[in-house]
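Take a look at this one; I'll ask things after.
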Amino acid sequence: MHTASTSLTISVGLSWCLTLIGGLALAGCTQEYEISAGPVDVNPEDILECGFTPISGTQLSVYDCNPVFAGTDEAWGKSFISVGFRAQEILGHPFFQIWYAARPEGVAEGQWGLGYAISENGTEWITHPNNPLVQEDGGWDRTNIDALQIVWDTQLNEYVLWYQGYALADNPANQTWGMGVKTSADGAAWQDFNDGEMILDFSKSYNGIRYCWPMGVTHGALEGYSGFIAGAPDSINTDVCQMYRFTGQDLSDTSSFEFEAEPLLRAGPETYDTAGHASVAVVKWDDEQYFMFYVGFREWIEGNGYIYSNKHSLNMATSPDANVWSKSPDNPLPINLLQPGVVSDVAAQRVGSRIHLWVTDYYEDLGKEAVGYYIFEPDIKVHP
């Protein structure tokens, strides 16, 4: 990877220091600065340990050393649940952060923790020495947290974590299921938002729509929050969690958030997402071309007192304006995601002439979910 010729200390909201390849130093501070000299177009095969194999008939290539993140050796977090991903440019170079929910091996529910790791190439990760940064404390989200979404709020000067949480109980009346939020100035020390209570109760209906989990949340200095949330109208008798869009300016006034009444992307009628959508990432390619990568699923299965999304697939949609989307006729993309379990995640980031994808998938040789790395090249037709 090309880097600045001299070392430069840049504050990026970290709480420990890492010297990246080529002398780019990242110092732990609580303030974040937008410093960029424009995107650097680097072929990842020139800088990574392994190469990429084109996936025939697609614009995708798969990293030959997948998975790139399968949890860690940390005793508290051997059982991987979900990952929230964030990328930013520093002097034109991508820098990657992940926050991951996990629990001890052999533990089916509860005892979860939140870990943090950083990378300068998206494949090799250094974990925070104080992991887990957050631990389950018996609250409304004591059974599990997943569908993690991480953004940097330029108004609050803090990281904001959105997530789905729930607590199961023998008596369904005592169960809780909702969307929670936590904030952090440095990505490591997290505080409960809204006094630790959920900001949306998924057991309730809001303006005739039942919601399931957050997806693909972003924040901009001028436009505020923009994101996607899975849900379905009360009039639908089956369990469907399809994609709706929401916007909001100020996290301190969640009542000002607006949720669109019509789905941005409907579940089905295609079989690959007939039950709904689990995760989404949108990339602006140019002023007239947007790419959406999303995880759809085909069915639900029951287990441990609630239902899981099952038979996931990675899919793509395109749009000229980010408002009207067309599903790709080539869906589903040839990446498996067919095992039950956690809500699968997808993250995407444009780097130069390529879109980089990180997809949570089930790896049979590991017997668990892990994160795989892919490259999507819009400027080629398809790989032969």
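Can you give the longest stretch of the chain with no exposed loop site, where a site means trypsin sites (Lys or Arg not before Pro) in a DSSP loop (not H, G, I, E or B) with at most 11 other C-beta atoms within 10 Å?
1-203
If R0 is 30 Å, what FRET efficiency do you get for GLN135 and THR238 from their C-beta distance, rounded to 0.05?
Taking R0 as 30 Å, the efficiency between GLN135 and THR238 is 0.25.
Still on this structure, I have one more. In debye, nearest 20, what is the charge dipole magnitude of segment 215-260 about its Cα centre with +1 on Lys and Arg Cβ and -1 on Asp and Glu Cβ, if you could check?
In total the dipole reaches around 140 debye.
Among ALA169, THR154, ASN144, whose Cα projects farthest towards the positive end of the dipole of segment 142-192, with charges put on the beta-carbon of Lys, Arg (+1) and Asp, Glu (-1)?
It is ALA169, whose Cα lies furthest towards the positive end.
Let me ask something additional. Distance check, please: which entries in LYS284/LYS381; LYS204/LYS311; LYS182/LYS284; LYS204/LYS368; LYS78/LYS204; LYS284/LYS368 exceed 30 angstrom between their Cα atoms?
LYS204/LYS368; LYS78/LYS204; LYS284/LYS368
Separate question: Using Cα-Cα distances under 8 Å and only pairs 6 or more residues apart, what relative contact order does segment 159-230 have, in percent?
25 percent
A further question follows. Place a +1 charge on the Cβ of each Lys and Arg in the chain and a -1 charge on the Cβ of each Asp and Glu, then give the dipole magnitude about the Cα centre in debye, rounded to the nearest 20.
Computed about the Cα centre, the dipole is about 380 debye.
If you don't mind, there's one more thing I want to ask. By average Cβ neighbour count within 10 Å, what is the ranking of 369-377, 164-172 from highest down?
The densest-packed peptide leads the list: 369-377, 164-172.
Points 7 angstrom from Cα along the Cβ direction at SER205 and HIS383: gap in nanometres?
Reported label-point gap for SER205 and HIS383 is 4.7 nm.
Using alpha carbons only, what's the Rg to Rh ratio of the chain with Rh from Kirkwood?
My calculation of the ratio gives 0.93.
Right, here's the next one. Can you give the relative contact order of the chain as a percent, counting alpha carbon pairs under 8 Å and 6+ residues apart?
13 percent
What nm value, rounded to one decimal, do you get for the distance between GLU197 and ALA261 when each label is placed 7 Å out toward the C-beta?
For GLU197 paired with ALA261, the spin-label model returns 2.8 nm.
Additional query: How big is the charge dipole of segment 234-336 about its Cα centre, in debye rounded to the nearest 20, if each Lys and Arg gets +1 on its Cβ and each Asp and Glu gets -1 on its Cβ?
400 debye
For segment 319-339 and segment 54-124, write down the distance between their C-alpha centroids in whole Å.
22 Å
Pick from ASN144, ASN323, ASN315 the residue whose mean-square fluctuation is largest in a GNM of the chain, springs joining Cα atoms under 10 Å.
Per the Cα network of the chain with a 10 Å cutoff, ASN323 tops the list.
Which length gain, in nm to one decimal place, applies between GLU45 and ASN174 when the Cα-Cα distance is subtracted from 0.36 nm times their residue separation?
Here the segment from GLU45 to ASN174 would lengthen by 41.3 nm.
Using a basic spin-label model with each label point 7 Å from the Cα along Cα→Cβ, how many nm lie between VAL324 and ILE301?
For VAL324 paired with ILE301, the spin-label model returns 4.0 nm.
Over all alpha-carbon pairs of segment 224-277, lay out the pair-distance distribution in 10 Å bins, whole %, shortest bin first.
25, 44, 23, 8
Just so you know, all these numbers are worked out from the coordinates, no wet-lab data involved. Note that the structure is a prediction, hence the values are computed from the model and not measured. So basically every Cβ, Gly included, is an ideal-geometry build from the backbone, and we count neighbours across all protein chains shown.
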